[in-house]
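Participant: What follows is a structure written as C-alpha cells; I'll ask about it next.
The values are calculated or read from the model by the stated rules, or taken from the named source; none is laboratory data. Note that this is a predicted model, so its numbers are computed, not measured. Cβ: placed from backbone, ideal geometry, glycine included. Neighbour counts: every protein chain shown.
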Amino acid sequence: MIRKTRLFTPGPTPLLPAAQFAMAAADIHHRTAEFRALYSRVLAQLKEFVGTKNDVIILSSSGTGAMEAAVSNLTSPGDRVLVLTAGKFGERWTALGKAFGCAVDVVSAPYGQTFSIDAVKAALKLETRAVFMQATETSTGVRHCVPAVAKLLKDSHSEALLVVDAITGLGTSRLDMDGWGVDVLIGGSQKAVMIPPGLSYLAVSERAWDRMEATYNPRYYFDLRKERKNAKNGESAYTPAVALIAALGAALDYIAAQADGNLAEGRNKLIENAETIAAMTRSACLAMGMRLFAPDAPSAAATAVLPPEGFTSTQFVKAIRARFAAIITDGQGEMKGQIFRIAHLGYFDYLDTVALIGALEQVAVQDLKLPGVEFGTALIAAQKVYAERGATAAADSRCFCGRTDACCSLQHEDFGAGEVKLYT
C-alpha cells in the first residue's frame, strides 16, 4: 500500500502548503522596500497573533535562541532568578541562567505534573529579578498555569519580570500577555504557525525594555534593543531568514482567513482546534487501556501517553512508523521508552486525528496484541468527544488549563477584567 510520511511531532510540525509556496517565491533582498514592507506587515501580524500591544521581535534562530536572548538581555551576573520547571525545557532555563552567571533558585515538580503556586510563593524572594517558566512543557505534555504565577507576582508587588516560553503554548492555549502582566512571551516558527524551524519571536513589555538598559550580561547577535531599533524601519539588525519570514506572513494570512480576515479570532479557532483534537486523542488512548502521563494538567500542544504494562513507548513509536510512515515521538532523555507523545499544534485537523487513532488501533490489535483492545474502541471514544464538543465549543467555558471538569474542584479566582479563571 502507498504510505505517506506524516508528522505527529511537537516540532517540527506539518508545513502549510501556502507557506511552502511563499518560501519558493521569496527571492528578494532584505535591504529593499519590498522586504521592508513584508517585514513590517509580519511584525504587525505577530502582535495580533500573540494578542499584545507590545513590540514583537523576530530572531533568525530556534526557540532556544530566544530563550537565551531573554536571559542575556534581562539579567546581570549575580542576579537572583527563579526557574519553574517540570521537564526538559524548564531545565533549559536553569542551564541558561547558570551560563550567564545568575544565582538560580528552582521550583520543580515531578515529570508529568505541574508545580504548586504555594511552592512558587515560598521560593520568591525580594531580590528575585526574573521568573522563567513554560506555558506548556512539551517533553511531558503538561500545561502550567501562567495566570496564577502572574497574579502571584502582581499581588506580591514583586519587581521580578515574568518570562514565559510559549513556543508550544501559542496557538494551543489562551494566553493574555497584556492582561496578565507577562513581560516576555516567546514563540517559534516550527510549531503552531506551521512553517519550518529557524525563526523565533519575542513579545516584550515596556518594563522589560527598561530593564535591558540596566543589565550588563554580554550580548551581540541577540541584542534585542538592536532588533527593536531596526524593526521600526522595517529591517532586522542582521541578515534575516527572508524565505521563512515570507512563509510566516503566508501562515498568519491563512490563520486570519479561518475567521474572515480576523487574525485574533483565527488564533482562537486554531486553539480550539488543538483543544478538540487533544481531547479526542486523550479519550482514545484511555479507551485502549493506556494512561495519560499528565492527567491533571494536560497540554493541548501534545499528549504524553504511558504504554500498557509490559510494553514500551518505543514499541509504539517504531510500529507506527513501520506500518504507516507516521512519526510520533518517544520520551526525551530518561523518559525514552516510558512515554510517547502525539502533537496537536498547527496544521492538524479532525481527519488527521482520526487517521492516527485508527493507526494506533491497528498497532495495538495486530502488532502488539494488547489485551482487551478491539477495533473501533478508540475511534468510537474519539468520535464521541468530537460530537460532544462540537465545532462551536465556547472559548470562555474553560479554565486556562483547557478543561471543563477536573479543575472545578480546585480554587478558582477571576483574573481582572478579562475574567480569565485560574487555579492554585
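Participant: Please enumerate the residues belonging to segment 321-339 that are closer than 16 Å to T303 by Cα and surrounded by fewer than 20 Cβ atoms within 10 Å (Cβ to Cβ).
Facilitator: The answer is I327, D330, Q332, K336, G337, Q338.
Participant: Going through segment 346-373 one residue at a time, which ones are crowded, with 23+ Cβ neighbours inside 10 Å and in contact with a strand residue (DSSP E or B) (Cβ under 7 Å, 6 or more places away or on another chain)?
Facilitator: Correct list: L356 only.
Participant: Which ones in segment 51-97 are β-branched (V, I, T) and closer than 22 Å to A243 by Cβ?
Facilitator: Correct list: V56, I57, I58, T64.
Participant: Can you name the number of the only condition in (1) free of Cβ contacts under 8 Å to residues at least 60 places away in the same chain; (2) part of a helix (DSSP H, G or I) that K384 fails?
Facilitator: Every condition holds for K384 apart from (1).
Participant: Could you list, in sequence order, the residues of segment 223-261 that are assigned to a helix (DSSP H, G or I) and polar (S, T, N, Q)?
Facilitator: The one that is assigned to a helix (DSSP H, G or I) and polar (S, T, N, Q): N230.
Participant: Is segment 62-79 home to any residue that is farther than 20 Å from L162 by Cα and at pLDDT 95 or above?
Facilitator: Yes.
Participant: So which of V81, V50 ends up being in contact with a helix residue (DSSP H, G or I) (Cβ under 6 Å, 6 or more places away or on another chain), on the phi < 0 side of the Ramachandran plot and of a type in the set (V, I, T)?
Facilitator: Criteria check complete, one pass: V81.
Participant: Criterion first (under 23 Å from A381 (Cα atoms), in contact (Cβ under 8 Å) with a residue 40 or more places away in the chain and in a helix (DSSP H, G or I)) does A359 satisfy it?
Facilitator: no
Participant: Moving on to the next point. Exactly one condition in (1) crowded, with 22+ Cβ neighbours inside 10 Å; (2) without any contact (Cβ under 8 Å) to a residue 24 or more places away in the chain is false for E265; which is it?
Facilitator: Answer for E265: the failing condition is (1).
Participant: Residue check: is D105 under 20 Å from S156 (Cα atoms) and either without any contact (Cβ under 8 Å) to a residue 40 or more places away in the chain or under 17 Å from the mean Cα position of the chain (by Cα) (or both)?
Facilitator: yes
Participant: In addition: All but one of (1) in contact with a Leu (Cβ under 8 Å, 6 or more places away or on another chain); (2) modelled with pLDDT of 95 or more hold for T424, so report the exception by its number.
Facilitator: Exception for T424: condition (2).
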